[in-house]
Amino acid sequence: MKRHDDIWIMVAQCPSRLGTVDVVTRFLKERRCYITEQQSFDDRLSGQFFIRTEFRPEEAGFDADTFQAGFAERAAEFEMRFELTPPGRLMPVVIMVSKADHCLNDLLYRYRTGQLPIDIRAIVSNHPDLASLAEWHGIPYHHFPITAETKAEQEAQVWRVVEESGAELVILARYMQVLSSEMSARLSGRAINIHHSLLPGFKGARPYHQAYDKGVKLVGATAHYINDDLDEGPIITQGVEPVSHADYPEDLVAKGRGSCQGICRL
């Protein structure tokens, strides 16, 4: 992952109209900011325009508050909403897991080596199995057992960890529990789930065996935002692996795990 200590990031969204790129680039030029990378997309279905700009101030003494106040005046004409991210900012996250460790292991490795711009504030699990892994990384581990009778109480404990840690993102890395409608609503827009790509088909136990019995020829992993529809939230990215007649259920499982790790890299 490329990292630059002097690169700021601005993302913006507004209704599609003429001049949306110009209002960004012209303001940056006037403020003596050099654009190092820029991406934009016009969504003709929603009528919304999106732009992401990485830039480097060319002069010392860059003041973020003054910059944002000035750009807000220009952006108002376009009904443009924007966010400014300072160099080197790490997003505070909480990771939720159960017993499977492959997704967590990959996230922790990339976190430890600086490949992911995140700050893992806590790991939450309904099992004690991965506590030693969290301890080795110096990350607080919260074991909150759950049953049908204690689900509301357990989710309240999880929510307290999210709030008290200041997490802006929650990652469900093979967390094998269904979140309640109330918890899904609380985490709307700030929680993602990583799981095998067979869902929403082949639900329940032994999904890879179900897929094998049906002759599925593609397996992989999916990362999506959570919502109240189980495993049917908006998809962020997917990874796939081909399957042949020579692959058995255990081979499908291995390929699925490899795709989960690939998703973490993405």
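Between A254, A191, A246, the Gaussian network model of the chain with springs among Cα atoms under 10 angstrom shows the greatest mean-square fluctuation at A246. Normalised by 2.2 N^0.38 Å, with N the number of residues, the alpha-carbon radius of gyration of region 8-120 equals 1.33. Between H137 and R26, full extension at 0.36 nm per residue minus the direct alpha carbon distance yields a gain of 35.5 nm.
Compared with the dominant Cα axis of the chain, that is its longest principal axis, helix 20-30 is turned about 60°.
Only helical runs count toward this figure. For the chain, summing -39,500 (n - 2.57) over DSSP H runs of n ≥ 4 and dividing by all residues gives -10000 deg cm²/dmol at 222 nm. Across region 50-125, Cα pairs under 8 Å and at least six residues apart give a relative contact order of 31 percent.
Computed across the chain, the Kirkwood hydrodynamic radius from all distinct Cα-Cα pairs reaches 20.9 Å.
Based on C-alpha pairs under 8 angstrom that are at least 6 apart in sequence, region 94-147 has a relative contact order of 37 percent. Think of the chain as having a plus end and a minus end, set by charges on the Cβ of Lys, Arg, Asp and Glu; of L28, L187, V162, L28 sits farthest toward the positive end of this dipole. Over the chain, what is the relative contact order in percent, taking alpha-carbon pairs closer than 8 angstrom and at least six residues apart? Relative contact order comes out at 14 percent. Helix 151-165 axis versus longest C-alpha principal axis of the chain: approximately 40°, rounded to the nearest ten.
Taking a ≥ b ≥ c as the square roots of the eigenvalues of the Cα gyration tensor of region 117-168, is the shape rounded (a/c under 1.5), prolate (a/b larger than b/c) or oblate? Here region 117-168 falls in the oblate category.
DSSP assigns beta bridges within the chain; of those with both partners inside it, close to 65 percent run antiparallel.
Mind checking which of Y212, F82, I120 is farthest towards the positive end of the chain's charge dipole, using Cβ charges of +1 (Lys, Arg) and -1 (Asp, Glu) about the Cα centre? Selected residue: Y212. The C-alpha atoms of the chain define a longest principal axis, and helix 249-265 lies at about 20 degrees to it.
Take the solvent-accessible surface of the protein heavy atoms, probe 1.4 Å, and return the percent of it on the chain that carbon and sulfur atoms account for. Carbon and sulfur together cover 50 percent of it.
The values are calculated or read from the model by the stated rules, or taken from the named source; none is laboratory data. In this text, all values refer to a predicted model and were calculated from it rather than measured experimentally. All Cβ positions, even for glycine, are placed from backbone atoms using ideal geometry, and neighbour counts span all protein chains on display. These accessible areas exclude ligands, DNA and RNA; they are computed on the full protein's heavy atoms, side chains included. Shrake-Rupley method; radii C 1.70, N 1.55, O 1.52, S 1.80 Å.
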